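Step one of this worksheet: look at the structure below.
What follows is calculated from the coordinates using simple rules that are stated; it is not laboratory data. Bear in mind that the values here come from a model prediction, so they are computed numbers and not experimental data. Cβ placement follows ideal geometry from the backbone for every residue including glycine, while neighbour counts extend to all protein chains displayed.
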Amino acid sequence: MDPHEAPASHDRRPLRDRVLGVIAPLLLIVVASTQVVVASTSDLTPWRGGGFGMFSTLDTHDQRILRVTITAADAEGVPVDPAALLSDGAALREVAVTARNHPTSANLEGLAASVAEAELSVVDGVAVPASRDAAAAADGSRLGAIEIVRVAVWRTAFDREAGLLVPELLVDRELRP
Amino acid sequence: MTEAPANAPLRHHLDAFVSAAAAPYGLVVALTLTTTVTHPPRGASVLTPVLAGVGVVLLPRIQRDRRFWALLTAVTAIGVFSHPLVDLDNHHFLHVYWLLALTLAALARDPAVTLARAGRLLIGGLFLFATLWKVVSPDFTDGSFLTFTLSVDPNVARAPLVLGWQDAELVEANRDALAPLHLDPTSEVAPVPISVTPTVARMAAPLSWLTLVLEAAVALTFLLPLRGAWTRWREASLFAFLLVTYPALPVLSFAALLIAMSLANTDLPAPRAQVLHLGVLLAAGLAGQALRLLAG
């Protein structure tokens with residue numbers, strides 16, 4: 001029956017139909033409540049995780065700053081190109097986005113492990129995927145075994161009075177993959 | 001004796017399609033499937049839009065077919081929830097919930113009434129959480145979030161540009177100032193000056209509260225057990241939200257899902273219900289295009 005033809009049926013429908021009608025909304029409430037708890041007790045950005053916190057705060061995934069620096073046998077403190085981490089299609093994108101949006105120990109370690117496994121070359125002092133710069137790889141600038149991966153994540157706040165976007169450090173960890 | 005024309009089966013199918021798509025439930029299904037074809041949720045495999053496309057073609061047969069909806073929901077949910085959850089937008093979650101609601105409605109004795117309940121509670125639930133997040137975020141209620149966003153985000157800045165509140169060069173300069181933070185790994189992570197026009201600075205807080213009131217109104221009207229003419233406030237609040245928000249934030253697939261849910265729930269008589277819902281969706285899309293043309 002169509003509700004537009006018989007609104008009165010709202011009150012007479014069987015219990016089974018009533019239950020079927022609330023399962024999806026209950027799932028929304030469970031996921032969103034979990035997101036609220038996780039975002040309130042950890043560094044998950046409120047924009048992510050299914051809690052409908054988008055456009056509620058400046059602590060958005062896009063305004064978070066992710067910096068990854070690597071130390072290898074033959075190089076120390078080399079920053080990784082953000083495009084190699086976060087751009088669409090980048091091999092490291094999933095782990096990098098996960099670590100930036102929810103920088104838990106496990107997510108940071110996952111990113112560090114993936115960075116350590118990636119084939120990177122150094123171009124102009126910045127680590128980029130070796131496949132992206134064949135010439136650099138041929139010049140012998142490919143990085144050796146990575147010993148330390150340093151991952152730092154900042155969120156940002158806006159100081160209206162001063163007119164400043166202010167980075168606030170969330171985590172800064174040195175990891176040995 | 002005359003033979004039936006060769007295209008009779010096709011004509012029959014087209015008649016059945018038009019008849020199904022013109023009915024409220026069929027239009028809800030058609031809107032959902034079309035959105036799934038054009039904007040599948042992030043993480044969904046290619047199977048999702050393909051299945052949804054087949055569903056559009058076979059609309060009269062599949063609109064209440066539990067096997068079709070279960071398959072589409074399962075295929076989509078597996079893809080979406082295999083993707084990192086912290087990389088999904090809200091409407092990607094909502095898309096899966098809505099497909100699940102359509103599956104469960106197909107299992108019900110009265111699919112339309114069951115889907116109406118699901119649509120109402122999904123809209124009410126999502127706007128409740130959206131409102132709560134904004135209420136507990138000081139940078140939203142004091143206008144900081146909108147001040148910054150209106151001064152940096154070229155999509156959100158379009159309406160203020162057209163109204164003369166914003167300066168395109170200022171927005172571009174702010175974006176240039178921020179770029180090294182995100183693109184240059186050798187740059188220092190330090191505060192960045194952001195220029196704000198006096199009008200944006202003045203209007204950001206009132207606009208934030210207008211957004212809050214609109215979203216709270218949608219949550220309340222959809223969650224309260226309203227009866228009779230009071231239910232009109234549901235469409236009124238949702239339409240106001242869509243017409244204010246979506247021209248500036250061009251996530252039209254989210255708007256289409258909300259329209260489908262509202263149409264599933266509405267007590268407005270047909271065909272006024274269908275015309276109003278499609279009209280609002282179209283108006284939001286056209287207003288967005290107009291803003292793009294006017295603001296560049």
For the stretch A:36-123: relative contact order, % (alpha-carbon pairs under 8 angstrom, 6 or more apart): 22 percent
For the stretch B:77-184, alpha-carbon Rg over 2.2 N^0.38 Å: 1.52
Surrounding net charge for B:Pro154, when Lys and Arg each add one and Asp and Glu each subtract one, Cβ distance under 15 Å: -3
Separation between Cα centres of the stretch B:74-102 and the stretch A:37-72, rounded to whole Å: 19 Å
GNM result for chain A, Cα springs below 10 Å: residue of A:Leu86, A:Leu15, A:Leu27 fluctuating most strongly: A:Leu15
Contour excess over end-to-end distance, with Cα ends at A:Glu119 and A:Val37 and 0.36 nm allotted per residue: 25.7 nm
The stretch B:192-226 residues near the modelled B:Ala290 label - backbone nitrogen below 19 Å, point 7 Å along Cα→Cβ: none
Within the protein assembly as shown, percent of DSSP bridges classed antiparallel, to nearest 5: 95 percent
In nm, spacing of pseudo-spin labels at A:Arg142 and B:Ser82 (7 Å Cα→C-beta vector): 3.0 nm
On Cα atoms only, tilt of A:15-41 relative to the major axis of chain A in degrees: 30 degrees
Burial ordering of A:Met54, B:Met261, fewest other beta-carbon atoms within 10 Å first: A:Met54, B:Met261
Test item: B:114-124 mean partner chain Cβ contacts at 10 Å: 6
Spatial separation of Cα centroids for the stretch B:175-237 and the stretch B:1-71, in angstrom: 36 Å
Peptide-level mean, for A:152-162, of C-beta atoms on other protein chains within 10 Å: 4
Scaled radius of gyration (Cα, divided by 2.2 N^0.38 Å) that the protein assembly as shown gives: 1.10
Given 15 as the ceiling on other Cβ atoms within 10 Å, longest exposed-site-free region of chain B for GluC sites (Glu not before Pro) in DSSP loops: B:4-187
Cα long-axis angle, helix B:90-107 against chain B (0 to 90 degrees, to the nearest 10): 20 degrees
Protection proxy ranking, peptides B:25-34, A:121-130, average beta carbon neighbours within 10 Å, highest first: B:25-34, A:121-130
20 Å reach of a label modelled at A:Ala162, 7 Å along Cα-to-Cβ, counting backbone N of the stretch B:133-172: B:138-140, B:142-149, B:151-152
Residue with peak Gaussian network fluctuation, chain A [Cα springs, cutoff 10 Å], from A:Arg64, A:Arg155, A:Arg16: A:Arg16
At R0 = 60 Å, FRET efficiency that the Cβ-Cβ distance of A:Arg16 and B:Ala173 yields, to 0.05: 0.50
Peptide B:179-188 - average C-beta neighbours from other chains (10 Å radius): 5
Environment charge at A:Ile146 (Cβ cut-off 14 Å; Lys +1, Arg +1, Asp -1, Glu -1): -4
Between helix A:105-117 and chain A: long-axis angle, C-alpha atoms, 0 to 90°, nearest 10: 40 degrees
Inter-label distance for A:Glu94 and B:Trp233, nm, one decimal - labels placed 7 Å from Cα along Cα-to-Cβ: 4.6 nm
Alpha-carbon centroids, the stretch A:141-177 and the stretch B:135-162: separation in whole Å: 25 Å
MRE, 222 nm, helices only [DSSP H, n ≥ 4, -39500 (n - 2.57), over chain B, to nearest 500]: -24000 deg cm²/dmol
Those trypsin sites (Lys or Arg not before Pro) in the stretch B:155-243 that DSSP places in a loop and that have at most 12 other beta carbons within 10 Å: B:Arg227
